[in-house]
Amino acid sequence: DDSLDVVGVHLVSGLAGSLLVGVFASSAAPAGVDGLLYGGGADQLIKQAIACVAVIGYCFIVTFLLGKILDKTIGIRVKREEEIAGVDLVYHAESAYELGGVFKGGR
């Protein structure tokens with residue numbers, strides 16, 4: 001469940017930006033490295049890809065550990081009845097999305 005669209009906003013754009021450094025890097029920048037489009041070959045792109053994999057691995061491990069700690073201490077699930085009724089309705093006394101009239105079927 002990605003209700004805040006974290007994957008779309010942060011993961012996808014972060015990976016795209018990080019990998020494209022290896023494509024568009026210019027030796028005119030302070031790092032002094034050329035990317036794939038400036039004749040630098042795939043070396044920088046490979047380094048960027050390795051860094052992306054390392055960051056994803058680190059984030060997965062830390063998130064997993066934090067999730068386990070939270071689950072064992074305060075819990076991270078709501079009661080089944082609360083989930084069926086709708087968490088917005090139970091905790092906030094309102095519905096986030098009123099779709100009652102949308103799916104009536106028919107013509």
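A short reminder: the numbers here are calculations on the coordinates, not readings from a lab. Fair warning: this is a prediction, and the values are worked out from it, not measured in the lab. Cβ sites come from the backbone with ideal geometry, for glycine too, and all protein chains shown count toward neighbours.
Output the number of residues of the range 12-39 satisfying the condition of being surrounded by 14 or more Cβ atoms within 10 Å (Cβ to Cβ) and either farther than 19 Å from Ile50 by Cβ or charged (D, E, K, R) (or both).
2
Just the residues that are in contact (Cβ under 8 Å) with a residue 12 or more places away in the chain and either out of contact with any Asp or Glu (no Cβ under 7 Å at 6 or more places or on another chain) or over 19 Å from Ser3 (Cα atoms) (or both), please, taken from the range 61-100.
Matches in the range 61-100: Val78 only.
Identify, from the list Tyr58, Tyr97, the residue that is surrounded by fewer than 11 Cβ atoms within 10 Å (Cβ to Cβ), among the hydroxyl-bearing types (Ser, Thr, Tyr) and assigned to a helix (DSSP H, G or I).
Numbers: Tyr97 fails: assigned to a helix (DSSP H, G or I).
Step by step, each of Tyr58, Tyr97 is checked, and only Tyr58 is surrounded by fewer than 11 Cβ atoms within 10 Å (Cβ to Cβ), among the hydroxyl-bearing types (Ser, Thr, Tyr) and assigned to a helix (DSSP H, G or I).
Let me confirm something: among Ala25, Ala93, which residue is at positive phi and among the hydrophobic types (A, V, I, L, M, F, W, C)?
Working: Ala25 fails: at positive phi.
Every option except Ala93 fails the conditions.
Take the range 18-39 and flag every residue that is among the aliphatic types (A, V, I, L, M) and either out of contact with any helix residue (DSSP H, G or I) (no Cβ under 8 Å at 6 or more places or on another chain) or in contact (Cβ under 8 Å) with a residue 12 or more places away in the chain (or both). Break it down stepwise before answering.
Quick first cut of the range 18-39, residues among the aliphatic types (A, V, I, L, M) only: 19-21, 23, 25, 28-29, 31, 33, 36-37.
If the condition is that a residue be among the aliphatic types (A, V, I, L, M) and either out of contact with any helix residue (DSSP H, G or I) (no Cβ under 8 Å at 6 or more places or on another chain) or in contact (Cβ under 8 Å) with a residue 12 or more places away in the chain (or both), then Leu19, Leu20, Val21, Val23, Ala25, Ala28, Ala29, Ala31, Leu36, Leu37 are the ones that fit.
I'd like to verify a number: residues in the range 40-55 that are in a helix (DSSP H, G or I) and either in contact with a helix residue (DSSP H, G or I) (Cβ under 6 Å, 6 or more places away or on another chain) or farther than 19 Å from Val12 by Cα (or both), how many?
Qualifying residue count, the range 40-55: 5.
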